[in-house]
Amino acid sequence: MMKHLSLSVYAWVATISLVSISGSGGVLAQADPAGEPSVVAVGKVLPAVVNINTERIVRRTYQDPTDALFNQFFGGPMRPPRELRQKVQSLGSGFLVDASGFIVTNEHVVQRAAGLKIQVTLSDGKTYNARYVAGDPAADLALVKIEGKAPFPFINLADLSPNLLGQTTLALGNPMGYAISVSRGILSALNRTITLDETEYRNLIQTDAAINPGNSGGPMIDLGGKLIGISSVKMAYTPQGVPTQGLGFGIPGSVVREKVKDFMETAAREKNNPKPIASGSPAQVLFGLQLQNLTNDLTEVFGVEAGHGVLISNVESASPAADAGLKRGQVLYKIGAYEVNSCRDVDRLLSQAQSGENADFLVGVIRAVGNRLIEQVHTVSMQAR
C-alpha cells in the first residue's frame, strides 16, 4: 500500500514540475534575454561605435641591383631609380566622444600621412568622410572628425568605469572586417607594460575578452555601459615565441579622457589660427629650405668646386632644417645616396616625399682655418613636416 502511494506522490510532483517549466508563467519563461545586463549595455553604447577604413598611397624608389653595381664601379647612375606606388589600407574601430562628430581611435589605425583618406561607418550603416585632427603616437591615440547632422550619439567620457579587477568587460569593434561585434570577458589586470616593435607602452589594462585585428580603437565597456578603455593590441605570442591565450590589452579610460581633452584644445587653436596653405618647392614645403643653383660667380665667392651641389640661400625659422642646424651659405651635395647639382635635381628627388618621412642630407660647411678656407662635410637627418 505504501509503495503504491509513494509512486503516486512522485508522479504528482513530476507533473507539477513539468507544468511549472512549460507554463506561460514558469520560471524559465521569465528569463527574458532583452533584460540581460550585457544586452542592455551594448544597446546603450552601440550607436556610438564606428568602423574605420583608411587608405593611403606609399611611394618608394627602387633601383635594380644591376644598376647599383654599375654605380659602384663606374661612379654614376646607369638609369634613374623607378618609383613604386603601393596602396596601403587599414581597418579598425573607434567611437564618438561628443555630439558634434569627434571620434577617438588608435593612432596606428589612422596614422597621419599625406593623402590619407578616412571613411567612418556608423552602426546605422551611414558612411562619412573623416579628417584627421590630432594624434599622439606614443600614447597610440588619435582624434578624427566627421561632419553631419548633429547631434551624434556618443560615449560620455565624464563618467568612466571604476575599473575593478574581475569586473565584466565587453569589447565592441570591427574584428576581421566584420560589422560591429561584441566579445565578453573580465578585467584581468591593471598597469601592464608591454613592448611592441621596440616601443614600450605603459599603464595598460588587460582583459581576456577576444580582441582581434580590426578591434583596435573600439571601446571596452562595463555592464553599466561606462567606458573601461580602448582596445589596442592582442598578444598572440610571448617574446620567446610561446603561444598565448586571453591576453588582450587596452588604454585606460582615464588616459583616453585626458588625451581627448588635449586633442580638442589643439583643434580649437587651429580653428582660430588656421595655418596658411604651404606653397613653394618641395625642399621649402617639407624642410624649410630655400635653394639656389651654384653659378660660376657663386662658386668663386664661396670657394667651392664648380658643378657640384646646391647653395642653401635661406632657412625658415622653426623648420626641420633650422632645428637640424642648417644655415644660409651652406652647400647641399646629396639627398640620401643621390648627388644633387641643381635645384631641379632636388625637386625631382623630393617630389614624392611625404610628411613624416626622414631624409638624409649631405651638407658642406666652409670654415676658416688659419689663412685657409676648409670645407667640412657632414650628414644631417631631417623629418619632413
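Each reported figure results from applying straightforward, stated rules to the coordinates on display, with no laboratory input. Note that the coordinates shown come from a computational prediction; the quantities given were computed from them, not determined experimentally. We place every Cβ from the backbone using ideal geometry, glycine too, and count neighbours over all the protein chains shown.
Is the stretch 155-235 best put as rounded, prolate or oblate by its Cα gyration tensor, with a ≥ b ≥ c the root eigenvalues, rounded for a/c under 1.5, and otherwise prolate when a/b is larger than b/c, oblate when not? Since a/c reaches 1.5 but b/c is at least a/b, the shape of the stretch 155-235 is classed as oblate.
Net charge in the neighbourhood of Pro320 (other residues with Cβ under 13 Å of its Cβ; Lys, Arg +1, Asp, Glu -1) is -3.
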